[in-house]
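Presented below is the structure to which this report refers.
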Amino acid sequence: MKKRILFCLATLGAASMLFGFDSAETADSLMEKMQTASQEAEGCTMDMDFNMDIGLNIGDGTSTSTLNIVANGGFDIAANVDPLAMSMDGSMKLSAMGTNEDITMKMYGVTSEDGQFDTYVYTEDSTTGESGWEHEVTEIPGGIDELMKMSADMDLSEYGLDFELAPEAADVDGTECYLLTAVMDSTSFETLINKSAELTGEDLSSDEDVAMVLSMLDGIKIKFEYYVDTATYLPVKFHMDLNDSDMAAINQYAAMAMGDMGEGTTVEIGLNDVSFDAAIAYGAANDITVPEEALAAAEAGDDVDDLDDLEDVADDLEALETEVMDAFETEAVAE
């Protein structure tokens, strides 16, 4: 099921003299080559795992209780570049405050004829027995092609992501790789928001909600690691975590939010582990087909939405008719 584009050992041995680790490579030049190589790949598959282990410590002045929030899962993901399409199949387990949930998920995303992105998501909760499909259309100005072009030309440093290149090669299951790393912190988040404001033309500097979010994110650090094949310039492994974050600012807000629990109450959120890992392979375009039951559910849901819209229009017309009649009666009485 999983395929990886690798040269055979003999080819790798010969090609390594030409395509091996280059100490003269820079983070910027490697990012450009990685973006170009990724665009030329027809399809890719990804094995993704995530883990979230958070402890909520609540004290009353004499003792402290810990409530654990744990979520983990794994997903198989397939994607094609042209036209953009993807599928995801996996499951996750959630345990929080005495409750446990097992959730199965499937997702299909395909480019529509008008260049927008149709998403079909299936979820099944084994605890509650609830299941079903949901359909959503993401309207993208200019369409998917324009978005892909913008992504290819994007300078990530303008969005708060400054990558650094490790001085030595890294090994990923026998594949020699460059290691690119970056850290997003409160300064990066502010840069990201300012860039978003520049693109949208909306001034966010005086937005109180934005200011509050930025203050809550003070101390948060998101670490990124990309392992890039020195032969193909394609990323073959990805890691992200929040484990070096300082939670002091968030804990302060949490304490304020729970202040009505009583004098002497303390609240502290601890990150034991919050991480994402993915192994990536490249090859021919994947067969990504939206199931018939997903299409049928979406059509039924769209019909319901259309009916709701018609009902809203009917309600508006009825209200308008009432207003006109009231105005007519008022005018008649006046005469």
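The values are calculated or read from the model by the stated rules, or taken from the named source; none is laboratory data. What you are looking at is a predicted structure, and each value in this text was computed from that prediction instead of being measured. Note that we place each Cβ from the backbone using ideal geometry, even for glycine, and neighbour counts take in every protein chain shown. Each accessible area value is taken on the protein alone, full model and side chains, heavy atoms only, with ligands, DNA and RNA left out. Shrake-Rupley method; radii C 1.70, N 1.55, O 1.52, S 1.80 Å.
Here are a few things to note about the model shown:
- Residue-span extension gain [Glu40 to Gln252] - 0.36 nm each, minus C-alpha spacing: 71.6 nm
- Summarising the label geometry, the points placed 7 Å from Cα in the beta-carbon direction at Thr187 and Phe224 lie 1.7 nm from one another.
- Links that overshoot a 24 Å alpha carbon limit, given the list Lys33/Lys237; Lys33/Lys221; Lys106/Lys221: Lys33/Lys221; Lys106/Lys221
- Mean Cβ neighbour count within 10 Å, used as a protection proxy, ranking 170-178, 78-86 highest first: 78-86, 170-178
- The accessible-area ordering, largest first, of the residues Leu217, Leu234 stands as Leu217, Leu234, per a 1.4 angstrom probe.
- The length gained on full extension between Asp102 and Ser126, counted as 0.36 nm times the residue separation minus their Cα-Cα distance, comes to 8.1 nm.
- Inter-label distance for Asp28 and Glu168, nm, one decimal - labels placed 7 Å from Cα along Cα-to-Cβ: 2.8
- When the surface is traced with a 1.4 Å probe over the full set of protein chains, Thr64 keeps roughly 100 Å² accessible.
- With the cut-off at under 12 Å, measuring from each backbone N in segment 157-195 to a point 7 Å along the Cα-to-Cβ line of Leu214 picks out 186-195.
- Net length gained if the chain between Asn57 and Thr119 were fully extended (0.36 nm per residue, minus Cα distance): 18.5 nm
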